[in-house]
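Engineer: Dropping the structure in here first, questions after.
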Amino acid sequence: MNPIQKLEKEHVKKIKMIVFDVDGVLVPRGTRIKQVGNTTILETKTIEKKQIEQIKELNKKNFLINISSGRGLYMLQEMFREVLPFVSLTYENGSATWHKGKIYQHVNSFGYMKDIFPKLRRVRSSNIKGFEPKEFIITIHCTKRVKEIEKIIRGERKLYTVWNGEAYDVGIKKYQTKAVGLRQIMKIFKLEKKNIMAIGDNHNDYELLREAGIAISADKSRLKGKFYVPLNGKFLPADTLMQKILSLI
Ligand SMILES: [Mg+2]
């Protein structure tokens, strides 16, 4: 892996779309959630003015911008309200994509999730903070790992769970990853692998980065890429990357 300073104009020549992970990349890591009975309190983070300007600038230079997150659409729309005309939103780990008000559903997980959800809801642990509202995947925020959750998912042959340090995402093996979402948007925008640059910081970005022509790791302890940016540098990883690209083009 090379530090991002080594990125040159030559590398970016064929890139038409840049795919950004959200948490840890465009906004700091961490989700504040609290659930008591049927009441859920969930904090919305918004992106900084500077990132809004950078995204607009990249768009002016003819880059397509795709935001790919494990979060739900309602939340991403809130976070990216000011740049919605310039981006597509791929949400819930590749399950669907929003673009200019149109929704493309990539995965139908209903049959896989309907029986598992009540089982997970019954798990009692003081480490569970709450279930983040989602349509296609299940996300359970916890203060630390919960053995019972992992045991339930291990018993489900077709499902995976990823612990990212603050939550479990539960999805369908191979069919519900950010890479599946990326392959679908590549079809929608008629792009090839060599046209894609992607940046991510966590385990749910593993398949996404493998699917990109140029992969950028925002946490080299968790992910490999052609280049890396520091996770806890002076700027957010997406900021560092966008500064670099804008300085080349
Ligand atoms: Mg992330």
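Engineer: Can you pull out every residue in region 1-39 that is assigned to a strand (DSSP E or B) and either of a type in the set (Phe, Trp, Tyr) or closer than 15 Å to residue 165 by Cα (or both)?
Structural biologist: Of region 1-39, the ones assigned to a strand (DSSP E or B) are 2-3, 17-20, 23, 27, 33-36, 39.
Passing the criteria: 20, 23, 33.
Engineer: Please give the number of the condition residue 107 fails out of (1) assigned to a strand (DSSP E or B); (2) among the aliphatic types (A, V, I, L, M); (3) touching a helix residue (DSSP H, G or I) at 6+ places or on another chain (Cβ under 7 Å).
Structural biologist: (1)
Engineer: Also: Go over the candidates 180, 146 one by one and state the one that is of a type outside the set (S, T, N, Q) and under 24 Å from residue 121 (Cα atoms). Talk me through it step by step, then tell me what you get.
Structural biologist: Working: 180 fails: under 24 Å from residue 121 (Cα atoms).
None of the others qualify; the one that does is 146.
Engineer: So which residues in region 5-31 are of a type in the set (Lys, Arg) and either within 16 Å of the ligand (Cβ to nearest atom) or touching a Gly at 6+ places or on another chain (Cβ under 8 Å) (or both)?
Structural biologist: Pass one, region 5-31, residues of a type in the set (Lys, Arg): 6, 9, 13-14, 16, 29.
Of everything in region 5-31, those that are of a type in the set (Lys, Arg) and either within 16 Å of the ligand (Cβ to nearest atom) or touching a Gly at 6+ places or on another chain (Cβ under 8 Å) (or both) turn out to be 14, 29.
Engineer: Taking only region 208-224 into account, find how many residues are touching a residue at least 60 places away in the same chain (Cβ under 8 Å) and either surrounded by fewer than 20 Cβ atoms within 10 Å (Cβ to Cβ) or within 16 Å of the chain's Cα centre (by Cα) (or both). I'd like the intermediate steps shown before the answer.
Structural biologist: If we filter region 208-224 for residues that are touching a residue at least 60 places away in the same chain (Cβ under 8 Å), which is where we start, we get 208, 212-214, 216-220, 224.
Still in the running and either surrounded by fewer than 20 Cβ atoms within 10 Å (Cβ to Cβ) or within 16 Å of the chain's Cα centre (by Cα) (or both): 208, 212-213, 216-220, 224.
Adding up the residues that qualify gives 9.
Engineer: Can you confirm whether region 61-73 contains a residue that is surrounded by 13 or more Cβ atoms within 10 Å (Cβ to Cβ), of a type in the set (Val, Ile, Thr) and in contact with a Lys or Arg (Cβ under 7 Å, 6 or more places away or on another chain)?
Structural biologist: If we filter region 61-73 for residues that are surrounded by 13 or more Cβ atoms within 10 Å (Cβ to Cβ), which is where we start, we get 63-73.
With the extra rule that they be of a type in the set (Val, Ile, Thr), the set shrinks to 65, 67.
Those still in the list that are in contact with a Lys or Arg (Cβ under 7 Å, 6 or more places away or on another chain) too: none.
No, that holds for no residue.
Engineer: Now, a different point. Test each condition in (1) modelled with pLDDT of 95 or more; (2) on the phi < 0 side of the Ramachandran plot for residue 62 and report the one that comes out false.
Structural biologist: Result: residue 62 fails condition (2) only.
Engineer: What residue, among those in region 32-43 that are farther than 25 Å from residue 222 by Cβ and either under 20 Å from the mean Cα position of the chain (by Cα) or of a type in the set (A, V, I, L, M) (or both), is farthest from the ligand (Cβ to nearest atom)? It would help to see each step written out before you state the result.
Structural biologist: We begin by selecting, within region 32-43, every residue farther than 25 Å from residue 222 by Cβ; these are 34-41.
Next cut, either under 20 Å from the mean Cα position of the chain (by Cα) or of a type in the set (A, V, I, L, M) (or both) only: 36, 41.
On the way: 36: 27, 41: 22 Å.
Selected residue: 36.
Engineer: When only residues in region 44-54 that are in a helix (DSSP H, G or I) and more than 16 Å from the ligand (Cβ to nearest atom) count, which is surrounded by the most Cβ atoms within 10 Å (Cβ to Cβ)?
Structural biologist: First pass over region 44-54, keeping only residues in a helix (DSSP H, G or I): 49-54.
From what is left, the residues that are more than 16 Å from the ligand (Cβ to nearest atom) are 49-50, 52-54.
Details: 49: 9, 50: 13, 52: 16, 53: 14, 54: 22.
Per the criteria, the residue is 54.
Engineer: For region 147-197, give me the residue count where each residue is aromatic (Phe, Trp, Tyr) and away from the ligand (no atom under 16 Å from the Cβ).
Structural biologist: Residues meeting the conditions: 3.
The values are calculated or read from the model by the stated rules, or taken from the named source; none is laboratory data. Everything quoted here is computed from the prediction, not taken from an experiment. Please note: Cβ atoms are built from the backbone with ideal geometry, for glycine as well, and neighbour counts cover all protein chains shown.
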